[in-house]
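A quick write-up on the structure given underneath.
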Amino acid sequence: MIDFHCHIGNLQREGYPERPPFSVHQCVDWMNREGIERAVLLPLESPEGGWGWFLTEEAIAARDLYPDRFIAFMCIDVRYPAVEKLFDIFYHRYGCRGFGEHIPGLPFDHELCKVVYRKCDEYGLPMVMDLCTILTDEPGLPRLEACLKEFPNCQFVGHGPYFWANISGPDSDLEGYPSGPVTPGGAVDRLMSEYPNLYADLSAGSGYNAMTRDPEFTQGFLERHWDRLMFGTDICWHNMPIPQFDWFANLEVPVEWKKAIASGTAKKLLGL
(Lines give C-alpha, C1' and ligand atoms only; values in the text may rest on other atoms or scores of the structure.)
Protein backbone atom coordinates (compact mmCIF):
# COMPACT_ATOMS: atom_id res chain seq x y z
CA MET A 1 0.00 0.00 0.00
CA ILE A 2 1.16 3.56 -0.78
CA ASP A 3 0.01 6.52 1.30
CA PHE A 4 -0.19 9.35 -1.24
CA HIS A 5 -0.71 12.05 1.41
CA CYS A 6 1.68 11.96 4.37
CA HIS A 7 3.15 14.70 6.57
CA ILE A 8 5.85 14.73 9.23
CA GLY A 9 7.44 17.63 11.07
CA ASN A 10 5.93 20.36 13.19
CA LEU A 11 2.55 21.03 11.59
CA GLN A 12 0.68 20.89 14.91
CA ARG A 13 2.41 23.68 16.83
CA GLU A 14 -0.86 24.94 18.34
CA GLY A 15 -1.46 21.47 19.76
CA TYR A 16 1.86 21.32 21.64
CA PRO A 17 2.68 19.56 23.96
CA GLU A 18 -0.16 17.08 23.38
CA ARG A 19 0.81 16.97 19.71
CA PRO A 20 4.61 17.27 19.53
CA PRO A 21 6.46 17.17 16.21
CA PHE A 22 5.95 13.93 14.30
CA SER A 23 9.37 12.45 13.51
CA VAL A 24 10.39 10.47 10.47
CA HIS A 25 11.22 7.51 12.73
CA GLN A 26 7.76 7.59 14.31
CA CYS A 27 6.27 7.73 10.83
CA VAL A 28 8.17 4.64 9.67
CA ASP A 29 7.09 2.76 12.80
CA TRP A 30 3.46 3.74 12.09
CA MET A 31 3.82 2.65 8.45
CA ASN A 32 5.15 -0.73 9.56
CA ARG A 33 2.21 -1.25 11.89
CA GLU A 34 -0.37 -0.23 9.29
CA GLY A 35 1.08 -2.11 6.34
CA ILE A 36 2.12 0.93 4.31
CA GLU A 37 5.01 0.11 2.01
CA ARG A 38 5.79 3.66 0.91
CA ALA A 39 4.50 7.15 1.58
CA VAL A 40 4.54 10.39 -0.36
CA LEU A 41 5.87 13.16 1.88
CA LEU A 42 4.05 16.42 1.23
CA PRO A 43 5.81 19.50 2.61
CA LEU A 44 3.58 22.43 3.50
CA GLU A 45 5.12 25.87 3.40
CA SER A 46 2.25 28.37 2.97
CA PRO A 47 1.58 30.18 6.25
CA GLU A 48 -2.21 29.99 5.93
CA GLY A 49 -2.16 26.25 5.29
CA GLY A 50 -1.02 24.91 8.64
CA TRP A 51 -0.28 25.74 12.24
CA GLY A 52 3.37 24.97 11.64
CA TRP A 53 5.80 24.04 8.92
CA PHE A 54 7.07 21.02 7.05
CA LEU A 55 9.81 22.19 4.71
CA THR A 56 10.85 20.61 1.42
CA GLU A 57 14.36 20.19 2.77
CA GLU A 58 12.94 18.12 5.64
CA ALA A 59 11.07 15.88 3.20
CA ILE A 60 14.26 15.37 1.19
CA ALA A 61 16.26 14.54 4.34
CA ALA A 62 13.61 12.02 5.48
CA ARG A 63 13.57 10.44 2.03
CA ASP A 64 17.35 10.13 2.11
CA LEU A 65 17.20 8.42 5.53
CA TYR A 66 14.63 5.89 4.29
CA PRO A 67 14.91 5.86 0.48
CA ASP A 68 12.89 2.66 0.14
CA ARG A 69 9.99 4.03 2.18
CA PHE A 70 9.47 7.66 1.14
CA ILE A 71 8.93 9.70 -2.01
CA ALA A 72 9.67 13.41 -1.53
CA PHE A 73 7.50 16.10 -3.09
CA MET A 74 8.39 19.79 -3.05
CA CYS A 75 6.30 22.70 -1.81
CA ILE A 76 7.12 26.33 -2.55
CA ASP A 77 4.84 29.16 -1.55
CA VAL A 78 3.90 30.72 -4.88
CA ARG A 79 4.51 34.24 -3.52
CA TYR A 80 8.22 33.45 -3.24
CA PRO A 81 9.99 35.58 -5.90
CA ALA A 82 12.07 32.75 -7.43
CA VAL A 83 9.56 29.91 -7.62
CA GLU A 84 10.68 28.58 -11.00
CA LYS A 85 14.36 28.55 -10.10
CA LEU A 86 13.75 26.76 -6.80
CA PHE A 87 11.35 24.33 -8.49
CA ASP A 88 14.10 23.32 -10.94
CA ILE A 89 16.61 22.87 -8.13
CA PHE A 90 14.28 20.59 -6.17
CA TYR A 91 13.38 18.62 -9.29
CA HIS A 92 16.79 18.21 -10.95
CA ARG A 93 19.22 18.23 -8.01
CA TYR A 94 17.11 16.60 -5.30
CA GLY A 95 14.77 14.35 -7.27
CA CYS A 96 11.42 15.59 -5.94
CA ARG A 97 8.70 13.65 -7.76
CA GLY A 98 5.82 16.10 -7.50
CA PHE A 99 4.46 19.29 -5.94
CA GLY A 100 2.31 19.79 -2.86
CA GLU A 101 0.64 20.25 -0.58
CA HIS A 102 -0.44 23.34 -2.50
CA ILE A 103 -2.54 25.59 -0.24
CA PRO A 104 -1.61 29.30 -0.50
CA GLY A 105 -4.22 31.89 0.46
CA LEU A 106 -5.16 32.71 -3.14
CA PRO A 107 -7.78 31.86 -5.76
CA PHE A 108 -6.91 28.55 -7.40
CA ASP A 109 -6.35 30.11 -10.83
CA HIS A 110 -4.29 33.09 -9.61
CA GLU A 111 -1.41 33.90 -11.94
CA LEU A 112 1.11 33.15 -9.18
CA CYS A 113 -0.38 29.65 -8.78
CA LYS A 114 -0.18 29.12 -12.52
CA VAL A 115 3.60 29.40 -12.36
CA VAL A 116 3.62 26.13 -10.41
CA TYR A 117 1.06 24.47 -12.67
CA ARG A 118 3.15 25.46 -15.67
CA LYS A 119 6.26 23.85 -14.20
CA CYS A 120 4.35 20.67 -13.34
CA ASP A 121 2.98 20.70 -16.88
CA GLU A 122 6.52 21.03 -18.25
CA TYR A 123 7.72 17.95 -16.36
CA GLY A 124 4.45 15.98 -16.28
CA LEU A 125 4.38 15.96 -12.48
CA PRO A 126 1.53 15.33 -10.02
CA MET A 127 0.41 18.34 -7.97
CA VAL A 128 -1.57 17.77 -4.75
CA MET A 129 -3.94 20.65 -3.98
CA ASP A 130 -6.13 21.42 -0.98
CA LEU A 131 -9.26 23.23 -2.16
CA CYS A 132 -10.83 24.87 0.89
CA THR A 133 -11.50 28.29 2.37
CA ILE A 134 -7.82 29.13 1.83
CA LEU A 135 -7.08 27.97 -1.73
CA THR A 136 -10.42 28.94 -3.23
CA ASP A 137 -12.81 28.09 -6.04
CA GLU A 138 -16.55 28.49 -6.67
CA PRO A 139 -19.39 25.95 -6.80
CA GLY A 140 -18.83 23.72 -9.81
CA LEU A 141 -15.04 24.28 -9.57
CA PRO A 142 -14.70 26.57 -12.62
CA ARG A 143 -11.22 27.74 -11.64
CA LEU A 144 -9.97 24.16 -11.40
CA GLU A 145 -11.58 23.28 -14.73
CA ALA A 146 -9.89 26.20 -16.48
CA CYS A 147 -6.51 25.03 -15.20
CA LEU A 148 -7.18 21.43 -16.19
CA LYS A 149 -7.67 22.72 -19.73
CA GLU A 150 -4.72 25.10 -19.72
CA PHE A 151 -2.20 22.64 -18.23
CA PRO A 152 -3.11 19.18 -19.61
CA ASN A 153 0.25 17.63 -18.69
CA CYS A 154 0.03 18.69 -15.03
CA GLN A 155 -1.50 15.80 -13.10
CA PHE A 156 -3.83 17.58 -10.64
CA VAL A 157 -4.57 15.54 -7.49
CA GLY A 158 -7.73 16.74 -5.76
CA HIS A 159 -8.03 16.93 -1.98
CA GLY A 160 -9.68 19.08 0.64
CA PRO A 161 -13.13 19.95 1.99
CA TYR A 162 -14.25 22.11 -0.91
CA PHE A 163 -13.00 19.67 -3.54
CA TRP A 164 -14.84 16.74 -2.00
CA ALA A 165 -17.99 18.70 -1.15
CA ASN A 166 -18.31 19.24 -4.92
CA ILE A 167 -18.80 15.51 -5.38
CA SER A 168 -22.46 16.51 -4.98
CA GLY A 169 -24.52 18.71 -7.28
CA PRO A 170 -24.56 22.52 -7.23
CA ASP A 171 -27.79 22.68 -5.23
CA SER A 172 -26.12 20.82 -2.36
CA ASP A 173 -24.34 21.98 0.78
CA LEU A 174 -20.79 22.76 -0.40
CA GLU A 175 -19.36 23.86 2.93
CA GLY A 176 -17.29 21.78 5.33
CA TYR A 177 -18.19 18.11 5.57
CA PRO A 178 -21.73 17.76 4.22
CA SER A 179 -23.74 14.69 5.15
CA GLY A 180 -26.56 12.82 3.50
CA PRO A 181 -27.18 11.60 -0.03
CA VAL A 182 -25.09 12.90 -2.90
CA THR A 183 -27.01 14.82 -5.56
CA PRO A 184 -26.09 13.71 -9.11
CA GLY A 185 -24.28 16.21 -11.28
CA GLY A 186 -21.42 17.09 -8.94
CA ALA A 187 -18.37 18.81 -10.39
CA VAL A 188 -15.85 16.24 -9.13
CA ASP A 189 -17.66 13.39 -10.89
CA ARG A 190 -17.99 15.37 -14.12
CA LEU A 191 -14.45 16.71 -14.17
CA MET A 192 -12.93 13.30 -13.51
CA SER A 193 -14.98 11.95 -16.42
CA GLU A 194 -13.91 14.71 -18.80
CA TYR A 195 -10.28 15.42 -17.87
CA PRO A 196 -7.72 12.59 -17.78
CA ASN A 197 -5.29 14.79 -15.83
CA LEU A 198 -7.52 14.95 -12.73
CA TYR A 199 -6.86 12.45 -9.96
CA ALA A 200 -7.85 12.47 -6.29
CA ASP A 201 -6.52 11.12 -3.03
CA LEU A 202 -8.95 9.79 -0.42
CA SER A 203 -7.22 11.30 2.60
CA ALA A 204 -8.41 13.28 5.62
CA GLY A 205 -11.91 13.79 6.93
CA SER A 206 -12.97 15.26 3.60
CA GLY A 207 -12.04 12.20 1.55
CA TYR A 208 -13.48 9.81 4.13
CA ASN A 209 -16.71 11.81 4.32
CA ALA A 210 -17.08 11.82 0.53
CA MET A 211 -16.67 8.04 0.36
CA THR A 212 -19.00 7.18 3.26
CA ARG A 213 -21.85 9.73 3.20
CA ASP A 214 -23.78 7.88 0.46
CA PRO A 215 -22.60 4.28 -0.03
CA GLU A 216 -24.88 3.71 -3.03
CA PHE A 217 -23.42 6.70 -4.85
CA THR A 218 -19.89 5.72 -3.82
CA GLN A 219 -20.20 2.37 -5.57
CA GLY A 220 -20.98 4.05 -8.87
CA PHE A 221 -18.33 6.71 -8.34
CA LEU A 222 -15.69 4.03 -7.75
CA GLU A 223 -16.84 2.16 -10.84
CA ARG A 224 -16.34 5.29 -12.95
CA HIS A 225 -13.07 6.51 -11.41
CA TRP A 226 -11.29 3.66 -9.58
CA ASP A 227 -8.20 4.04 -11.79
CA ARG A 228 -7.65 7.69 -10.72
CA LEU A 229 -8.27 7.43 -6.99
CA MET A 230 -5.45 6.89 -4.49
CA PHE A 231 -5.32 5.85 -0.87
CA GLY A 232 -4.11 8.58 1.48
CA THR A 233 -4.22 9.44 5.17
CA ASP A 234 -3.12 13.08 5.68
CA ILE A 235 -1.41 11.98 8.88
CA CYS A 236 0.04 14.97 10.77
CA TRP A 237 0.74 13.75 14.31
CA HIS A 238 1.59 10.64 16.30
CA ASN A 239 -1.37 8.29 16.83
CA MET A 240 -3.71 10.38 14.68
CA PRO A 241 -6.89 8.35 14.03
CA ILE A 242 -7.20 7.27 10.38
CA PRO A 243 -10.67 5.87 9.55
CA GLN A 244 -9.65 5.14 5.95
CA PHE A 245 -7.90 1.92 7.01
CA ASP A 246 -11.09 0.21 8.20
CA TRP A 247 -13.12 1.64 5.33
CA PHE A 248 -10.69 0.35 2.74
CA ALA A 249 -10.28 -3.05 4.40
CA ASN A 250 -14.06 -3.57 4.28
CA LEU A 251 -14.56 -2.14 0.79
CA GLU A 252 -16.28 -4.74 -1.39
CA VAL A 253 -15.16 -4.00 -4.94
CA PRO A 254 -13.25 -5.98 -7.59
CA VAL A 255 -9.66 -6.82 -6.67
CA GLU A 256 -8.40 -4.80 -9.65
CA TRP A 257 -10.02 -1.66 -8.25
CA LYS A 258 -8.58 -2.16 -4.77
CA LYS A 259 -5.08 -2.77 -6.11
CA ALA A 260 -5.24 0.43 -8.15
CA ILE A 261 -6.47 2.53 -5.22
CA ALA A 262 -4.01 0.96 -2.78
CA SER A 263 -0.90 1.47 -4.90
CA GLY A 264 -1.27 0.89 -8.64
CA THR A 265 -2.37 4.37 -9.66
CA ALA A 266 0.18 6.00 -7.36
CA LYS A 267 2.95 3.90 -8.92
CA LYS A 268 1.82 4.98 -12.37
CA LEU A 269 1.81 8.67 -11.44
CA LEU A 270 5.18 8.42 -9.69
CA GLY A 271 6.86 6.30 -12.33
CA LEU A 272 7.68 3.53 -9.85
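General observations
- Residue in segment 161-179 that is under 30 Å from PRO81 (Cβ atoms), in contact (Cβ under 8 Å) with a residue 60 or more places away in the chain and surrounded by 21 or more Cβ atoms within 10 Å (Cβ to Cβ) present: no
- The lone exception for ILE242 - which of (1) in contact with a Phe, Trp or Tyr (Cβ under 6 Å, 6 or more places away or on another chain); (2) of a type outside the set (Gly, Ala, Ser); (3) in contact (Cβ under 8 Å) with a residue 60 or more places away in the chain; (4) buried (at least 18 other Cβ atoms within 10 Å of the Cβ) it fails: (1)
- Matching residues in segment 51-78 - criterion: being farther than 23 Å from ALA266 by Cβ, surrounded by 14 or more Cβ atoms within 10 Å (Cβ to Cβ) and not hydrophobic (A, V, I, L, M, F, W, C): GLY52, ASP77
- Odd one out for ALA82 among (1) out of contact with any Cys (no Cβ under 9 Å at 6 or more places or on another chain); (2) aliphatic (A, V, I, L, M); (3) closer than 27 Å to GLN12 by Cβ: (3)
- The single condition from (1) in contact with a strand residue (DSSP E or B) (Cβ under 9 Å, 6 or more places away or on another chain); (2) under 28 Å from ASP189 (Cβ atoms); (3) buried (at least 19 other Cβ atoms within 10 Å of the Cβ); (4) without any contact (Cβ under 8 Å) to a residue 60 or more places away in the chain that THR136 fails is (3).
- Within segment 17-39, restricting attention to residues that are exposed (fewer than 13 other Cβ atoms within 10 Å of the Cβ) and without any contact (Cβ under 8 Å) to a residue 24 or more places away in the chain, the residue that is nearest to PRO243 (Cα to Cα) is ARG33.
- Taking every residue in segment 2-14 that is at positive phi and pairing it with any residue that is at pLDDT below 95 and small (Gly, Ala, Ser), at least 6 positions away or on another chain, the pairs with Cβ-Cβ distances below 9 Å are GLY9/GLY52.
The values are calculated or read from the model by the stated rules, or taken from the named source; none is laboratory data. Remember, it's a predicted structure, so these values are computed and weren't measured experimentally. Every residue, glycine as well, gets a Cβ built from its backbone with ideal geometry; the counts of neighbours run over all protein chains shown.
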